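Encoded as structure tokens, the structure appears first; notes follow it.
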Amino acid sequence: MVLQKWPESEVSVWFTGNRDIRLLNSRYRGKNQATDVLAFYQTDEPDAGTKVLGDVVISVEKAVHQAKMFRHTVQAEIERLLVHGLLHLVGFDHEKAGEAGIMHREEFSMLRKIRKQLNG
């Protein structure tokens, strides 16, 4: 699992609504629209020595909407968004050519492992 390189790292998670996440998305990404998750690095280049990876911001409103759209629970959607944000913090970027599929597979793999451990 990708996160094994950061066994004792910290991440802060902020659950918010569409209004606040739209403001952050506009200010830091130049996109004046609500999004589901944002990730903000603590340092410019994450590496295995980083103790504080950064912040993950999740729009609960978007999570509720997407859970209905994808026909799964809100909890499952928030878990997916959290993993997605964590992957961004360790260097994945689905907007780079050729990386979307890699990031999606890693996200799916991590969620499967997490859920397996949680369900015993």
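Tell me whether region 59-75 contains one or more residues that are in a strand (DSSP E or B), modelled with pLDDT of 95 or more and either under 11 Å from the mean Cα position of the chain (by Cα) or of a type in the set (Ser, Thr, Tyr) (or both).
Residues of region 59-75 that are in a strand (DSSP E or B), as a first pass: 59.
From the residues that got through so far, the ones that are modelled with pLDDT of 95 or more too are 59.
Add one more test, that the residue is either under 11 Å from the mean Cα position of the chain (by Cα) or of a type in the set (Ser, Thr, Tyr) (or both), and what stays is 59.
Checked region 59-75: at least one residue is in a strand (DSSP E or B), modelled with pLDDT of 95 or more and either under 11 Å from the mean Cα position of the chain (by Cα) or of a type in the set (Ser, Thr, Tyr) (or both).
Evaluate the following for Thr43: is it surrounded by 12 or more Cβ atoms within 10 Å (Cβ to Cβ), in a loop (DSSP other than H, G, I, E, B) and either out of contact with any strand residue (DSSP E or B) (no Cβ under 8 Å at 6 or more places or on another chain) or at pLDDT below 95 (or both)? Explain how you work it out, then say what you get.
Working: surrounded by 12 or more Cβ atoms within 10 Å (Cβ to Cβ): yes; in a loop (DSSP other than H, G, I, E, B): yes; either out of contact with any strand residue (DSSP E or B) (no Cβ under 8 Å at 6 or more places or on another chain) or at pLDDT below 95 (or both): yes.
Criteria met by Thr43.
Across region 93-120, which residue is farthest from Leu81 (Cα to Cα) among those that are touching a residue at least 24 places away in the same chain (Cβ under 8 Å) and of a type in the set (A, V, I, L, M)?
Only one residue fits best here, namely Ile114.
Being crowded, with 16+ Cβ neighbours inside 10 Å and free of Cβ contacts under 8 Å to residues at least 12 places away in the same chain is the filter; apply it to region 56-69 and report the residue that is farthest from Gly17 (Cα to Cα).
For region 56-69, the residue satisfying everything is Ala67.
Which of the residues spanning region 70-120 are buried (at least 19 other Cβ atoms within 10 Å of the Cβ) and of a type in the set (Phe, Trp, Tyr)?
Phe92
The values are calculated or read from the model by the stated rules, or taken from the named source; none is laboratory data. Keep in mind that this is a model prediction, so the values were computed, not measured. All Cβ positions, even for glycine, are placed from backbone atoms using ideal geometry, and neighbour counts span all protein chains on display.
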